[in-house]
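The values are calculated or read from the model by the stated rules, or taken from the named source; none is laboratory data. All of these numbers come straight from a predicted model, not from anything done at the bench. For neighbour counting, all protein chains shown are included, and Cβ atoms are generated from backbone atoms with ideal geometry for every residue, glycine included.
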Protein chains: 2
Amino acid sequence: MTKGFPTQEFQTRVAKAQARMVTQGLDALLLTTEPDVRYFTGYLTRFWESPCRPWFLVIPTAGDPIAVIPSIGAVLMARTWITDIRTWRAPDLDDDGVSLLADTLRQLGPRIGTPSGIQSHLRMPLDDFARLNAALPQPIGADGGIVQTLRLVKSDAEIEKIRAACQIANRAFLRTPEIARAGVPLERVYRDFQRLCLDEGADWVPYLAGSAAPGGYGDVISPADDRPLAVGDVLMLDTGLVHDGYFCDFDRNFAVGNVGAEVNIAHSTLIDATHAAFATARPGATAADLFHVMDKIVTGGAGGSDTGRYGHGLGMNLTEWPSLIPTDHTPLAKGMVLTLEPGIEIAPGMALVHEENIVISETGAEWLSKPYGHVMTRLSI
Amino acid sequence: MTKGFPTQEFQTRVAKAQARMVTQGLDALLLTTEPDVRYFTGYLTRFWESPCRPWFLVIPTAGDPIAVIPSIGAVLMARTWITDIRTWRAPDLDDDGVSLLADTLRQLGPRIGTPSGIQSHLRMPLDDFARLNAALPQPIGADGGIVQTLRLVKSDAEIEKIRAACQIANRAFLRTPEIARAGVPLERVYRDFQRLCLDEGADWVPYLAGSAAPGGYGDVISPADDRPLAVGDVLMLDTGLVHDGYFCDFDRNFAVGNVGAEVNIAHSTLIDATHAAFATARPGATAADLFHVMDKIVTGGAGGSDTGRYGHGLGMNLTEWPSLIPTDHTPLAKGMVLTLEPGIEIAPGMALVHEENIVISETGAEWLSKPYGHVMTRLSI
């Protein structure tokens, strides 16, 4: 599959943002985070792992975006479709790009917006943000959800990248019996599962969590410990691997020998719940609708548990908008990519979770992950 | 090696922060980022990869820290030494922890500080930060560099974790000839190098960058492409892998057959530069001193290049304070962990970089990475 996107795709994204900016009366958008900058430029690097340097992208109401970035990124940014690249030698302890950015923004007008709603953050120091605002005719305000609205619906090319990520994870999950069996410490399983993901084609593996315990697990976000898998454990592995800048995010449960009827029934119920949500998912249904259809199956409609939601958006981030919760009434639309992630309580503090990935089509939904069966894969004992 | 830290270590960190808070007249610190929260709690999870949920840690001037977090994290946080854990069901589209956090902060006093200097950011939506400030008697201000000052100097236990990370990378680099030779696409080398890191004991591999080209490379932050390694290429791999929450960050150059005298000389010069910096590194010398001693060797004292610095701090982040640049006069102190990372221009736009990791001792410095020789390891052709 070709890496990246044709320039036309970025131009379309920018044009859509600009149309909304005009409607909202904004003169420019200021973007500071990895996915937001990449969404409009194609600038893909793991260098964002370094928190020392800020990076800025400015989108005017007309014309192409302007990159205001540390000079170490100039060569790579010049390989994207962006031509107006303004750099400074970072880190600069006195002026870390602030005056260069302020000059850029002042030329575009006083009304600047930046993402400020749920799931957003400003990736620059607060002191520098205050200095920037002081150098502008009026303080930077909200972007009115423009970036969120655009990123919420994926293009066909984006969907193909997420699909490829899911297929890589599908293959890694199929090979899990090679690396996980009774007696293998969970830490070793985590390392080897990441190796399987890379072997099957992941570019990198930013997320792996899971659990292994008899009768369900108390927590799904812990790092691995050195406890060996034991007969009767249910092992859950949840991965977010990356292919060409796009994530998958789904999990699988495995039975280490006989896990008992309660766990098997709980697992089967979760599979039913994801299929029910899949059948409900279509343009016009809401995020909350998917929550309720799953919640009816897993709790009888009690409203879920305190710990989470039953799924979420997926794309350049491991988790995106919307949330499958009772209060999120986002209407689903063709091109939205979602996780279906119901959880079920087996005993107080002991739960099971299951997750699949889907994309909303014109008339319904399509699986991106290969849906798991009612019966868990059994690992050797 | 034992994972995590004894409670005493966290109590010491908190006590040091509290002493500085009293001096600066702060009633509480508000922390929002993964390393800052983990530094005072030991809360270690890859779940931060999900940007949907904010996490807060509040440090009062007396008593233990208070965690204000999504309920999905309660079980794991309860396994740390933190006992005051206040949760909400996140994401909450109406009030995503803001009122719970405001209530917590109001009980502690009006003067709240949060990290706001270089390398920091606030990991919560700007809209919510505005709501939070509006619910407090006075706006949240700066932390006066308290967290940076503390994290700058590593404890013996932290140094052992970084040393272990470096040793894992040492072993992976030694095995590079197993996976890289003429004809292997760079993408495959990247995947397989990450697998080697995992195989040698990395928990995960958040950072891998590099380059391969004849005569040097134009860029050190690009993702891999599918170009096969060719005879005459110099291959550079730069990894930041994680062991128990701590990074290493160093690179190695490899010769694919004969890379030519200019590249060999440049590499040898870089090795000389890191050794000169190592000999200079001791308590009382400054970050700028290390820059100048390396710059004298690689450019004759021209002041480095526009693209970067000659090294930086290292720890819970891939890159930390200080920066080895002419304007950073941070005095080195026992326990600071640094990268030495000189770069040299071979031809316009063609450079070579080399990187080692060291820790400042009482009387000098100690290598954490096993220093590379003047002659690059040769890969098969």
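Structure values in brief
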quantity	calculated
Flag if B:Asp328 is within 23 Å of A:Leu93 (Cβ to Cβ) and at pLDDT below 95	no
Which numbered condition B:Thr339 misses (of (1) at pLDDT 95 or above; (2) surrounded by fewer than 24 Cβ atoms within 10 Å (Cβ to Cβ); (3) not aliphatic (A, V, I, L, M))	(2)
Failed item, numbered, when B:Gly210 is tested on (1) at pLDDT 95 or above; (2) in a strand (DSSP E or B); (3) not hydrophobic (A, V, I, L, M, F, W, C)	(1)
Candidate set: region B:214-224, residues that are more than 7 Å from every other protein chain (Cβ to nearest Cβ) and crowded, with 19+ Cβ neighbours inside 10 Å; chosen: the one farthest from A:Thr80 (Cα to Cα)	B:Gly216
Sole exception among (1) assigned to a helix (DSSP H, G or I); (2) within 11 Å of chain B (Cβ to nearest Cβ) for A:Gln167, by number	(2)
Residue count for region A:48-81, restricted to those that are farther than 30 Å from B:Pro322 by Cα and more than 9 Å from chain B (Cβ to nearest Cβ)	9
Flag if A:Asp127 is within 30 Å of A:Gly109 (Cβ to Cβ), crowded, with 16+ Cβ neighbours inside 10 Å, within 9 Å of another protein chain (Cβ to nearest Cβ) and among the charged types (D, E, K, R)	yes
Subset tally (residues that are touching a residue at least 60 places away in the same chain (Cβ under 8 Å) and in a strand (DSSP E or B)) for region B:329-342	3
Single match in B:Asp244, B:Asp238, B:Asp251, B:Asp233 (criterion: on the phi > 0 side of the Ramachandran plot and at pLDDT 95 or above)	B:Asp244
Members of region A:188-213 found to be under 11 Å from A:Met236 (Cα atoms) and facing chain B (nearest Cβ under 10 Å), listed by number	A:Tyr190, A:Leu208, A:Ala209
Failed criterion for B:Asp233 (all others in (1) free of Cβ contacts under 8 Å to residues at least 60 places away in the same chain; (2) farther than 27 Å from A:Phe193 by Cα; (3) in contact with an Asp or Glu (Cβ under 9 Å, 6 or more places away or on another chain); (4) not hydroxyl-bearing (Ser, Thr, Tyr) hold)	(3)
Residue in region A:355-375 that is within 14 Å of chain B (Cβ to nearest Cβ), on the phi < 0 side of the Ramachandran plot and not in a loop (DSSP other than H, G, I, E, B) present	yes
Odd one out for A:Asn264, checked against (1) within 14 Å of chain B (Cβ to nearest Cβ); (2) over 19 Å from the mean Cα position of the chain (by Cα)	(1)
Yes/no for B:Arg195 being part of a helix (DSSP H, G or I) and crowded, with 18+ Cβ neighbours inside 10 Å	yes
Matching residues in region B:9-36 - criterion: being within 14 Å of another protein chain (Cβ to nearest Cβ), over 17 Å from B:Leu108 (Cβ atoms) and of a type in the set (Val, Ile, Thr)	B:Thr33
Residue satisfying all of: in region A:86-110; closer than 22 Å to A:Ala17 by Cα, touching a Pro at 6+ places or on another chain (Cβ under 9 Å) and not small (Gly, Ala, Ser); farthest from the other protein chains (Cβ to nearest Cβ) among these	A:Gln107
